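A quick write-up on the structure given underneath.
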Amino acid sequence: MTSSLRGLVLVSTVVCASPAAAQIVVSANDNTLVLVDGVQTTVRNPAPDTVTVLELSGGRLKTIGEVQAPVSVVGPPSSAAITPDRSMAIVTSATKVDPANPSATVPDDTVSVIDIKASPVKVIATLKAGAGASGVAINPAGTLALVANRIAGTVSVFRIDGARVTPAGTVDLGAPASGPSGIAFTPDGRTALVTRNNDSLISILAVNGVEVSYTKRDVGAGFRPYQIAVTKAGDVAVVGNTGAGQAGGGVDVVNAIDLAAAGGPRTVAHAVAGPTVESVALSPDGKYVAAMVMNGSSAPKASPAFNDFGLLKVFALAKGSLTPAAEARIGHWCQGIVWSADAKTVVVGCMVEKELQVFAFDGSRLTPAQQVKVSGGSAALAATY
């Protein structure tokens, strides 16, 4: 195993939130784009995008704050992340209204740093990444953030020092059209994995302090990998794939990647999920994978691919295998997923309904439990664990 991959496997102690401490959930809400019979349409004179901060406790959500900040549904619903100390959120924006043509959008590169402990919640810094700033991940030490730039084909590096976030470099993947989208750290913080939605690869980055480099090692998983997550044990990564998109209408898959495999990471399992796997999320105990399946819910109603609901699917994850455990119907054009710390609750953000849909999970069933409105289409979710 090369030195750049030594940090891939780390057995760590799973630390769950204290029963007395509510989890923090952040929803990034896009007011720029709406669906008009399956067509993503730019709103004329849209209301400002927002970021909503909520508490999750006892399977219930409670809104505790909100702030205006640029957000984009374009790109994976991993465009928000929370620092391990629960003090700040980092939110990216991949697109914005075209100043020269208000009926269209252009790539954006905005990164907002938000103080989620402040009352009221406030933006404390606005930074620049690369064009199409999308998935964002913060290392377990809370000292580094990485942003995948879908249009630029790069990864931006940011140093975190207390409440100060500053640019610290750019990683060039050597493939400008690769569409880097989702990003995740391994538990030791020495490795990051980046999905490449356009050329169906997952690139491995080596991390040494604030020095981040492309190892020139890539892993193949499914067709057009999008969002990625790594278990707390550091032994498995799970990936959702968007496939051919709503026009294709075929089934897409969730993959499991063995990060401890001899000779380097390799894909060991494929689970059929349905048309367009927009996001995946691992339960904190590493036993389950939740997948948000678009299921044609964002297609035109006349399309043979259209279904009047999305799907939330849960798979059991064991020894690198993925086994169907439960599923439930959800809203339209839904995006992000987060789990409760005890793995008994799953929250999904939906764009059309402009709400968070909460489900109770008992290991074999998903039961609707709550709907919480937010001030825009929920384009991304993040949570503390």
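Could you grab me the full set of residues in the range 182-228 that are on the phi > 0 side of the Ramachandran plot, open to solvent by 40 Å² or more (accessible area, probe 1.4 Å) and in a loop (DSSP other than H, G, I, E, B)? Quick ask: steps written out before the conclusion?
Filtering the range 182-228 down to residues on the phi > 0 side of the Ramachandran plot leaves 189, 200, 209, 216, 224.
Subset that is open to solvent by 40 Å² or more (accessible area, probe 1.4 Å): 209, 216, 224.
Those that are on the phi > 0 side of the Ramachandran plot, open to solvent by 40 Å² or more (accessible area, probe 1.4 Å) and in a loop (DSSP other than H, G, I, E, B): 209, 224.
Is it fair to say residue 299 is crowded, with 24+ Cβ neighbours inside 10 Å, touching a residue at least 40 places away in the same chain (Cβ under 8 Å) and assigned to a loop (DSSP other than H, G, I, E, B)? Write out each step before concluding.
Numbers: crowded, with 24+ Cβ neighbours inside 10 Å: yes; touching a residue at least 40 places away in the same chain (Cβ under 8 Å): yes; assigned to a loop (DSSP other than H, G, I, E, B): yes.
Yes: the conditions hold for residue 299.
With respect to residue 222, determine if the residue is under 17 Å from residue 322 (Cβ atoms), modelled with pLDDT under 95 and in contact with a Gly (Cβ under 7 Å, 6 or more places away or on another chain). No: the conditions fail for residue 222.
Every listed requirement among (1) at negative phi; (2) at pLDDT 95 or above is met by residue 59 save one, (1). The set of residues in the range 150-181 that are open to solvent by 10 Å² or more (accessible area, probe 1.4 Å) and assigned to a loop (DSSP other than H, G, I, E, B) comprises 150, 151, 152, 162, 163, 174, 175, 176, 177. Across the range 92-145, what is the total count of residues that are assigned to a strand (DSSP E or B), within 26 Å of residue 205 (Cα to Cα) and either open to solvent by less than 20 Å² (accessible area, probe 1.4 Å) or at pLDDT below 95 (or both)? Within the range 92-145, residues that are assigned to a strand (DSSP E or B), within 26 Å of residue 205 (Cα to Cα) and either open to solvent by less than 20 Å² (accessible area, probe 1.4 Å) or at pLDDT below 95 (or both) number 15.
Filter the range 302-317 down to the residues that are open to solvent by 10 Å² or more (accessible area, probe 1.4 Å) and assigned to a strand (DSSP E or B), then identify the one that is farthest from residue 366 (Cα to Cα).
Here is the first cut: in the range 302-317, the ones open to solvent by 10 Å² or more (accessible area, probe 1.4 Å) are 302-309, 311, 313, 316-317.
Next, only the ones that are assigned to a strand (DSSP E or B) stay: 311, 313, 316-317.
Details: 311: 11, 313: 9, 316: 13, 317: 17 Å.
Ranking the qualifying residues of the range 302-317, first place goes to 317.
Against the conditions (1) in contact with a Lys or Arg (Cβ under 9 Å, 6 or more places away or on another chain); (2) on the phi < 0 side of the Ramachandran plot, residue 174 satisfies every one except (2).
Quick check: is even one residue across the range 136-146 over 24 Å from residue 214 (Cβ atoms) and within 16 Å of the chain's Cα centre (by Cα)?
Step one: of the range 136-146, the residues over 24 Å from residue 214 (Cβ atoms) are none.
No, there is no match, as no residue in the range 136-146 is over 24 Å from residue 214 (Cβ atoms) and within 16 Å of the chain's Cα centre (by Cα).
Whenever a residue of the range 66-77 is on the phi > 0 side of the Ramachandran plot, its partners that are surrounded by 24 or more Cβ atoms within 10 Å (Cβ to Cβ) and assigned to a loop (DSSP other than H, G, I, E, B), lying with C-beta atoms within less than 6 angstrom and at least six residues away or across chains, give the pairs 75/150.
The values are calculated or read from the model by the stated rules, or taken from the named source; none is laboratory data. None of these values were measured; they are calculated from a predicted model. Methodologically, a virtual Cβ is constructed for each residue, glycine included, from the backbone with ideal geometry; neighbour enumeration extends over all protein chains shown. Please note that ligands, DNA and RNA were not included when accessible areas were found on the heavy atoms of the full protein model with its side chains. Shrake-Rupley method; radii C 1.70, N 1.55, O 1.52, S 1.80 Å.
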